[in-house]
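Asks: Questions regarding the structure given below will be posed in turn.
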Amino acid sequence: MKSSALSKLGQRTEAPPISWLMQLTLDRPNLISLAAGFTDNESLPVEETRELLNEILASPRSGRAALQYGTTAGDPHLRHLTADRLWKLDSAAETNHSASADDVAHSRRDGRKARRPRFVAAREIYSPERVVITSGSQQFLYMLTECLCDPGDIVLVEDPTYFVYLGIAQSHGFSCRGIRMESDGIDLLHLEQTLEGLRRRGELKRVKLLYLVSYSQNPTGITTSFGRKSGALATLKRFERAAGHPIYLLEDAAYRELRFAGDDVASGLAAEGGDERVIYTGIYSKPFATGARVGFGILPKPLLTVVSRVKANHDFGTSNLLQQLLSRAIASCRYESHLPELRRRYAAKAAVMTRAMHDHFPAEVRWQEPRGGLYVWARCPKPVKSGLNSGLFQNALKRGVLYVPGELCYAKDPNRRTPNHEMRLSFGSASAADIRTGIARLGATLHELL
Ligand SMILES: Cc1ncc(COP(=O)(O)O)c(C=O)c1O
């Protein structure tokens, strides 16, 4: 038979790299995977989770409440705790916010007067009514983007960005445009130029959102300053009239709680216009238990209504048992008290990885010391290719090491060749010994090639 029964989406969707990266790891148990974004196995809170589940199941009343279906938007207590926690995080981070030197330099280049970003967080922005609990933040990213974008629409992303998000776009037929990164977030001038170019070509109405992974970014480790978030919001606002609709800032704070150096930064919700235009998503999986896929989104009311309708069609509510688990973990402070140990572990593993890179990598390979998250972004000299078909990737695989090729993290851009000389190296799940061995093997492969 010639024609396929598959929908356009079914036909279009390519195999996401995350699936085969995970498969490779499973197929080759001796492989040292510096690719997966898995968390540190030893840190998973088995004892705490057993206690929490015992508490939940201790009485028939609480047990049955947890074993029953819940509501689409999520457990009211968890929504309340989530909103409250975010309000406290942003309020505490207020004292750290300031226009970075880069923002000021940028503004001058741009001919615009530098303006200190204003912190305008109001308590009502952090209302439980604006919160939806999802099955991992991945579900939130998927549904939200689906609610805003049609095939042919354009999403602005960081260059490079979280490669799984590019898969959502590919599957739905949205195109992504990369906005260059500087040391503390996206290049605001490039954002402006990109929007201006789209306006001139009459394509602005296709732009619905800018997606930022704003804390210890996956893959580069960069944290976006509050000034850059405020600046991005102001820039998007300037183009809304020409677009004919709001342009949202989708802030993915997946790694906010995994910061082990430096100060926290307030979210875009606290910036001018953040109440109406910022959609914030966070996760409970990586800071607590990756297996308990509970995430959340905070969003303007009209969008919440639409996302809730779509979620009702997806699953009409995230696992109630897992939500009760998280509610109790947060309310009893077990969640909070787990974080320092987690941060200590990741700081130590990041140090093991960068120490090994100093010892084994050729001097031409560059990277930034991570200050949080799970990744080091290593840049080889441009002639050294790191992609799936490259000598580096294939030889590393032969030596039993896996990394994420940088090329997977870039939006396809017809105007340039996709950069193909970088590697995302994760220190999340491998043991310290495996990190050392894996980096030494990668170093040997790099030396051969250089
Ligand atoms: C940037 C980013 N966002 C979202 C997610 C999804 O996390 P989860 O669905 O476990 O909440 C991840 C997971 O690796 C991530 O790296």
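The values are calculated or read from the model by the stated rules, or taken from the named source; none is laboratory data. Because the structure is predicted, anything quoted here is derived from the model rather than measured. For neighbour counting, all protein chains shown are included, and Cβ atoms are generated from backbone atoms with ideal geometry for every residue, glycine included. Just so you know, the surface numbers come from the protein's heavy atoms only, side chains and all, with ligands and any DNA or RNA stripped out. Shrake-Rupley method; radii C 1.70, N 1.55, O 1.52, S 1.80 Å.
Asks: Any residue in segment 412-430 that is over 18 Å from Met22 (Cβ atoms) sitting within a Cβ distance under 6 Å of a residue that is surrounded by 13 or more Cβ atoms within 10 Å (Cβ to Cβ) and among the charged types (D, E, K, R)? List the pairs, counting only those 6 or more apart or interchain.
Replies: Sorted first by the residue in segment 412-430, then by its partner, the pairs are Thr418/Glu407; Asn420/Lys385; Asn420/Glu407; Glu422/Arg379.
Asks: I've got another one for you. Which of the residues spanning segment 425-450 are within 19 Å of Arg379 (Cβ to Cβ), open to solvent by 10 Å² or more (accessible area, probe 1.4 Å) and either among the β-branched types (Val, Ile, Thr) or touching a Phe, Trp or Tyr at 6+ places or on another chain (Cβ under 9 Å) (or both)?
Replies: Of everything in segment 425-450, just one residue is within 19 Å of Arg379 (Cβ to Cβ), open to solvent by 10 Å² or more (accessible area, probe 1.4 Å) and either among the β-branched types (Val, Ile, Thr) or touching a Phe, Trp or Tyr at 6+ places or on another chain (Cβ under 9 Å) (or both), namely His447.
Asks: Can you name the residue in segment 132-147 that is touching a His at 6+ places or on another chain (Cβ under 9 Å) and in a helix (DSSP H, G or I) and is also nearest to the ligand (Cβ to nearest atom) among such residues?
Replies: The residue in question is Gln139.
Asks: Then there is this: Could you please find all residues in segment 303-312 being within 16 Å of the ligand (Cβ to nearest atom) and either among the polar types (S, T, N, Q) or more than 20 Å from the chain's Cα centre (by Cα) (or both)? Show your work before the answer.
Replies: Looking only at segment 303-312, we keep the residues that are within 16 Å of the ligand (Cβ to nearest atom), and these are 307, 311.
Matches in segment 303-312: Lys311 only.
Asks: Which condition does Gly274 not pass, out of (1) away from the ligand (no atom under 13 Å from the Cβ); (2) surrounded by 23 or more Cβ atoms within 10 Å (Cβ to Cβ); (3) within 30 Å of Phe38 (Cβ to Cβ), if it passes all the others?
Replies: (3)
Asks: Quickly run through segment 58-75 and pick out the residues that are part of a helix (DSSP H, G or I) and surrounded by 15 or more Cβ atoms within 10 Å (Cβ to Cβ). Give the steps one after another, and end with the answer.
Replies: Of the residues in segment 58-75, the ones part of a helix (DSSP H, G or I) are 58, 60-67.
Listed by number, the residues that qualify are Gly63, Ala65, Ala66.
Asks: Enumerate the pairs (first residue in segment 297-321 and within 14 Å of Ser137 (Cα to Cα) and touching a residue at least 60 places away in the same chain (Cβ under 8 Å); second residue anywhere and part of a helix (DSSP H, G or I) and of a type in the set (Phe, Trp, Tyr)) with beta-carbon separation below 6 Å, excluding pairs fewer than 6 apart on the same chain, so at least 6 apart or on different chains.
Replies: Pairs found: Gly297/Phe140.
Asks: Taking the options Asp263, Asp315, Asp252, name whichever one is surrounded by fewer than 23 Cβ atoms within 10 Å (Cβ to Cβ) and within 16 Å of the ligand (Cβ to nearest atom). Spell out the reasoning first.
Replies: Details: Asp263 fails: within 16 Å of the ligand (Cβ to nearest atom); Asp252 fails: surrounded by fewer than 23 Cβ atoms within 10 Å (Cβ to Cβ).
It is Asp315.
Asks: Let me ask something else. If you scan segment 340-369, which residues turn out to be open to solvent by less than 20 Å² (accessible area, probe 1.4 Å), under 21 Å from the mean Cα position of the chain (by Cα) and under 18 Å from Glu422 (Cβ atoms)?
Replies: Ala350
Asks: Considering every residue within segment 379-396, establish whether at least one is within 21 Å of Ile18 (Cβ to Cβ), out of contact with any Pro (no Cβ under 7 Å at 6 or more places or on another chain) and in a strand (DSSP E or B).
Replies: So the first thing to find is which residues in segment 379-396 are within 21 Å of Ile18 (Cβ to Cβ), and the list is 386-390, 392-394, 396.
Okay, now just the ones that are also out of contact with any Pro (no Cβ under 7 Å at 6 or more places or on another chain), so 389-390, 392, 394, 396.
Pick out the ones that are also in a strand (DSSP E or B) and you get none.
No, the conditions are met nowhere in segment 379-396.
Asks: Could I ask something else about it? Taking the condition within 22 Å of the chain's Cα centre (by Cα), open to solvent by less than 30 Å² (accessible area, probe 1.4 Å) and either modelled with pLDDT of 95 or more or closer than 20 Å to Cys333 by Cβ (or both), does Ser127 pass?
Replies: Values: within 22 Å of the chain's Cα centre (by Cα): no; open to solvent by less than 30 Å² (accessible area, probe 1.4 Å): yes; either modelled with pLDDT of 95 or more or closer than 20 Å to Cys333 by Cβ (or both): yes.
For Ser127, the condition - within 22 Å of the chain's Cα centre (by Cα), open to solvent by less than 30 Å² (accessible area, probe 1.4 Å) and either modelled with pLDDT of 95 or more or closer than 20 Å to Cys333 by Cβ (or both) - is not met.
Asks: Hey, any hits in segment 182-194 for a residue that's among the acidic types (Asp, Glu), more than 16 Å from the ligand (Cβ to nearest atom), under 16 Å from the mean Cα position of the chain (by Cα) and closer than 21 Å to Ala266 by Cα?
Replies: To start, the set of residues in segment 182-194 that are among the acidic types (Asp, Glu) comprises 182, 184, 187, 192.
Next, only the ones that are more than 16 Å from the ligand (Cβ to nearest atom) stay: 182, 184, 187, 192.
After this cut, where a residue has to be under 16 Å from the mean Cα position of the chain (by Cα) as well, the list is 184.
With the extra rule that they be closer than 21 Å to Ala266 by Cα, the set shrinks to 184.
Yes, because at least one residue in segment 182-194 is among the acidic types (Asp, Glu), more than 16 Å from the ligand (Cβ to nearest atom), under 16 Å from the mean Cα position of the chain (by Cα) and closer than 21 Å to Ala266 by Cα.
Asks: Within segment 19-50, which residues are free of Cβ contacts under 8 Å to residues at least 12 places away in the same chain and farther than 19 Å from Tyr162 by Cβ? Can you show your working first?
Replies: Kept after step one, since they are free of Cβ contacts under 8 Å to residues at least 12 places away in the same chain, are these residues of segment 19-50: 19-20, 23, 26-27, 29, 46-47, 50.
Within segment 19-50, Gln23, Leu26, Asp27, Pro29, Val46, Glu47, Arg50 qualify.
Asks: I want to confirm something. Restricting to segment 4-39 and keeping residues that are hydroxyl-bearing (Ser, Thr, Tyr) and part of a loop (DSSP other than H, G, I, E, B), which single residue is least open to solvent (accessible area, probe 1.4 Å)? Working first, answer last.
Replies: So the first thing to find is which residues in segment 4-39 are hydroxyl-bearing (Ser, Thr, Tyr), and the list is 4, 7, 13, 19, 25, 33, 39.
Add one more test, that the residue is part of a loop (DSSP other than H, G, I, E, B), and what stays is 4, 7, 13, 39.
Numbers: Ser4: 64, Ser7: 66, Thr13: 59, Thr39: 10 Å².
Here the residue is Thr39.
Asks: Next up: How about segment 50-95: which of its residues are among the small types (Gly, Ala, Ser), under 30 Å from the mean Cα position of the chain (by Cα) and over 20 Å from Leu339 (Cβ atoms)? Give the steps one after another, and end with the answer.
Replies: In the first step, residues of segment 50-95 are kept if they are among the small types (Gly, Ala, Ser); the result is 58-59, 62-63, 65-66, 70, 73-74, 83, 91-93.
Filter once more, keeping what is under 30 Å from the mean Cα position of the chain (by Cα): 66, 70, 73-74, 83, 91-93.
Hits for segment 50-95 are Ala66, Gly70, Ala73, Gly74.
Asks: Still on this structure, please answer the following. Counting only residues that are assigned to a strand (DSSP E or B) and more than 13 Å from the chain's Cα centre (by Cα), how many does segment 252-273 have? Steps first, please.
Replies: If we filter segment 252-273 for residues that are assigned to a strand (DSSP E or B), which is where we start, we get 252, 259, 271.
Next, only the ones that are more than 13 Å from the chain's Cα centre (by Cα) stay: 259, 271.
Going through segment 252-273 one residue at a time, the tally reaches 2.
Asks: Those residues that are near the ligand (Cβ under 8 Å from one of its atoms) and within 23 Å of Glu124 (Cβ to Cβ), I need them from segment 283-302; list them, please.
Replies: Let us first name the residues in segment 283-302 that are near the ligand (Cβ under 8 Å from one of its atoms), namely 283-286, 290, 293-295.
Of everything in segment 283-302, just one residue is near the ligand (Cβ under 8 Å from one of its atoms) and within 23 Å of Glu124 (Cβ to Cβ), namely Gly295.
Asks: Considering only segment 274-291, I want to know if a residue exists there that is over 20 Å from the mean Cα position of the chain (by Cα) and in contact (Cβ under 8 Å) with a residue 24 or more places away in the chain.
Replies: At the first step, the residues of segment 274-291 found to be over 20 Å from the mean Cα position of the chain (by Cα) are 275-276.
Those left that are additionally in contact (Cβ under 8 Å) with a residue 24 or more places away in the chain: 275-276.
So far as segment 274-291 goes, yes, one or more of its residues are over 20 Å from the mean Cα position of the chain (by Cα) and in contact (Cβ under 8 Å) with a residue 24 or more places away in the chain.
Asks: Identify, from the list Ser33, Ser43, the residue that is at pLDDT below 95, in contact with a strand residue (DSSP E or B) (Cβ under 7 Å, 6 or more places away or on another chain) and within 25 Å of Arg344 (Cβ to Cβ). First the steps, then the outcome.
Replies: Numbers: Ser43 fails: in contact with a strand residue (DSSP E or B) (Cβ under 7 Å, 6 or more places away or on another chain).
After ruling out the rest, the residue left standing is Ser33.
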